[in-house]
Amino acid sequence: MKPSASGSVLLAGVSVRALAESAARAGATVIALDAYGDLDLRRIARVVAIPRDGSAKFDQMAVARASRDIDAGTVAYSSSFENAPEAVEVLARGRTLIGNSPDVLRRVRDPLALARAIARLGEHTPAVRASAPLESDATRWLLKPRRSGGGHGIVRWTRGMRVPRTSIVQQQLRGDAGSIIFVADGARIEVLALTRQLSGDPAFGASGFAYCGSILELHRPALLARATALAAAIAREFALRGVCGVDFIAQGDVPYAIEVNPRPTASMELVERATGSSIWLAHVAGCSGTIPGMRHASADVRTLVHGKAVLYARRPVVLGDTTRWLADDDVRDIPASGERIARGSPICTIFASGRTNALCYAALVRRARIRFAEVEGRMRRRSA
């Protein structure tokens, strides 16, 4: 059965707010299973509490099993279900799945198989190993979970560190972190945007390699052309469908593919902000085998540069009245009033725009300072 863009749909993932907003705008009735159940998500969807086993870890299989008690004939997933094809099978049983199949996920999310395929296609990717590098190897390496996501769990590999079966080592490259967002129909793609990726930025409370935001790249035509060729080759090789992304490190205008996100990505909502096009409708169309004919984010050179940043708590905080944040269209993923946020956990997402990348980034930093001052200032007053 072909998926429908309207009607009732179950969305499952660590955070489904962005996809839920897009689906609700397109007329869908959304049921949400996610780890946060934030205030802005509750305004547009029926939120179902996810099962907890006493830990903070998001258990995809437990969530998928819980979904069996929900009456929904259509389901779509966001992060981190791409790392759990077995859970996607449970989610999709007896339902119309909007997204890549478990078989596709198994292939494209295998970092060793992906690296071999990209090399065979004549594209660029860093070296990947399943075991520790040789003593004589002078390459800089990263130790990454095989089932990676959002930059979490990535550390620099140093001599003597063991490589667990659940991890790989990947060559660490110098360059600009970016991503290309596209919609695929199983054979062809249509590119939606090129983005600069923000990670580990202390201006947003992030550290290490943790993803903390994206900024649209509007004026790098040579990189866009090379990244488009890379994404098209990967999409054909793995028969990708729907809205997907390829993360890369750009050395000059040459993108080196780091990983593939075979589902709607964290930066997709910037496309909606820039163009007004619906990511949800594009995702449904691609999964139905149709390229929807959307406008690229840089089609108009007068377009503002749009960006987003995820703010992470720099110390443990207890939030005050967050219902006021709902009136600000540049704040999303809003926790409940009085919620306790642990150090290193996300507080909210903020948006900004500017005439250039630098001005957009500066606007994000200013808004982050204001939000941190509000949240952390309240804690100082409580402890005074």
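Each 10 Å bin from zero holds the following percent of Cα-Cα pairs in segment 197-270: 17, 47, 32, 5. Put one equal scatterer on each alpha carbon of segment 116-171, apply the Debye formula with no solvent term, and list log10 I(q)/I(0) at q = 0.12, 0.18 1/Å to two decimals. These q points yield log10 I(q)/I(0) values of -0.29, -0.63. Take every pair of alpha-carbon atoms less than 8 Å apart whose residues are at least six positions apart; their mean separation over the length of the chain yields a relative contact order of 15 percent.
When only alpha carbons are used to place a centre, segment 54-87 and segment 249-290 end up 22 Å from one another.
Mean projection of the Cα convex hull over all viewing directions, computed for the chain: 19.1 nm². Which one of H152, H283, H306 has the biggest mean-square fluctuation once the chain is modelled by GNM with Cα springs under 10 Å? Maximum among the listed residues: H152.
Full extension of the chain between S136 and R42 yields a length gain of 28.3 nm, computed as 0.36 nm times the residue separation minus the alpha carbon distance. In order along segment 352-366, the phi-based Karplus estimate (6.51 cos²θ - 1.76 cosθ + 1.60, θ = phi - 60°) of 3J(HN,Hα) comes to 7, 9, x, 6, 9, 4, 5, 5, 5, 4, 4, 5, 5, 4, 4 Hz; Gly and Pro are listed as x. Residues whose amide H falls under 5 Å from that of Y256, counting only those 5 or more places apart or on a different chain, are I249, A250, Q251, with hydrogens built in the peptide plane. In this Cβ point-charge picture (+1 for Lys and Arg, -1 for Asp and Glu), segment 316-383 has a dipole of about 340 debye about its Cα centre. Residue order for T322, T195, fewest other beta carbons within 10 angstrom first, comes to T322, T195. I258 sits among other residues whose Cβ lies under 10 Å from its own Cβ, and their net charge, with Lys and Arg +1 and Asp and Glu -1, is -1.
Ratio of Rg to Rh for segment 111-250: 0.97 [Cα atoms; Kirkwood radius as inverse mean 1/r over pairs]. What size of dipole, in debye to the nearest 20, comes out for the chain about its Cα centre when the only charges are +1 on Lys and Arg C-beta atoms and -1 on Asp and Glu C-beta atoms? Computed about the Cα centre, the dipole is about 800 debye.
Sort 85-92, 32-39, 215-222 by the packing proxy (mean of other Cβ within 10 Å over each peptide's residues), most packed first.
Working: 85-92: 20.2, 32-39: 21.9, 215-222: 18.8.
Top to bottom by mean Cβ count within 10 Å: 32-39, 85-92, 215-222.
Please give me, ordered by residue number, the trypsin sites (Lys or Arg not before Pro) of segment 160-212 that lie in loop per DSSP and have at most 11 other Cβ atoms within 10 Å.
Those satisfying the criteria are R162, R165, R174.
Computed from the coordinates by the stated procedures, all read-outs in this text should not be read as laboratory data. Values in this document were obtained by computation on a predicted structure and should not be read as measured data. Neighbour counts run over all protein chains shown; Cβ positions are idealised from the backbone, glycine included.
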